[in-house]
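The values are calculated or read from the model by the stated rules, or taken from the named source; none is laboratory data. On a predicted model such as this, the values are computed, not experimentally measured, just so you know. Cβ placement follows ideal geometry from the backbone for every residue including glycine, while neighbour counts extend to all protein chains displayed. When the accessible area is computed, the model is the full protein with side chains, heavy atoms only, and any ligands, DNA or RNA have been set aside. Shrake-Rupley method; radii C 1.70, N 1.55, O 1.52, S 1.80 Å.
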Amino acid sequence: MNYDMDQSYGLPAAMAPASARATVIKRTYLHLMVAILAFVGLEAALIFSGAGEKIVRDIIFANKAGWIAVILLFIVGGYGARYLARSRQSIGLQYAGLALYVLLETVVFLPLMYLAMMKGPDLPLQAGIVTLAVFGGLTAAVFLSGKDFSFLGPIIGVVSMLAFGVIIAAVLFGFSLGLLFSAAMGALAAASIIYGTSNVMHVYGTDEHVAASLDLFSSVAFLFWYVLQIFMISRND
């Protein structure tokens, strides 16, 4: 750890020296890249080994309760993962939180990936490229603007809760949400990326790069989910 990091350790990034901010930003995006690669590797391993198909068929698609249980596990586990990632007591706990969250995303994505590959083996790759392109553009725009978008937090929270209620209703009553809903959720995911990127610059402490990378990974996965949904709906047409 260099002198600037020693002096500013734990401070919000906005209050830290420029060199310390640059170090934390590099660490955050390096951890994000590792998380994305781990997600892709785990997803591919489960799908091509056949283990993922068994999970989807015997647990998730067995009945509506199975899918709801997976969603609840993801929500509860996600809160636990975020709590661990924000722990300042142990870097090991922080990494455990990030690893747990990547694993949860891998499991919850399994059914969507199977459905997408049934429509076209190239769909996940195409959606992934679009997702990373949008993420890169939004990230560059936030960094170039230098603005603080923390005001988006409460808006994203309220809209997310409303959207979650609609999703649960769709699962319970079996109706399709359609292209318009997916597009709206894609816009919400983009707002989440803007919010998370702004937090990396202004809110997170210089010792919170693991938590920051988890939040960004969450937003990227959120965007990927709905970009892939849009691609699938378009393929139907």
* Checking I167 against (1) out of contact with any Lys or Arg (no Cβ under 8 Å at 6 or more places or on another chain); (2) under 25 Å from M33 (Cα atoms); (3) open to solvent by less than 60 Å² (accessible area, probe 1.4 Å), which test does it fail? -> (2)
* When only residues in the range 6-41 that are crowded, with 16+ Cβ neighbours inside 10 Å and of a type in the set (G, A, S) count, which is modelled with the lowest pLDDT? -> S8
* Asked: Of all residues in the range 193-232 being under 21 Å from E43 (Cβ atoms) and among the polar types (S, T, N, Q), which is nearest to the chain's Cα centre (by Cα)?
  -> S218
* To do: Keeping to the range 42-52, report how many residues are at pLDDT 90 or above and either aromatic (F, W, Y) or touching a Phe, Trp or Tyr at 6+ places or on another chain (Cβ under 8 Å) (or both).
  => 1
* Check V107 against each of (1) at pLDDT 90 or above; (2) within 15 Å of the chain's Cα centre (by Cα); (3) β-branched (V, I, T) and name the one condition it does not meet. => (1)
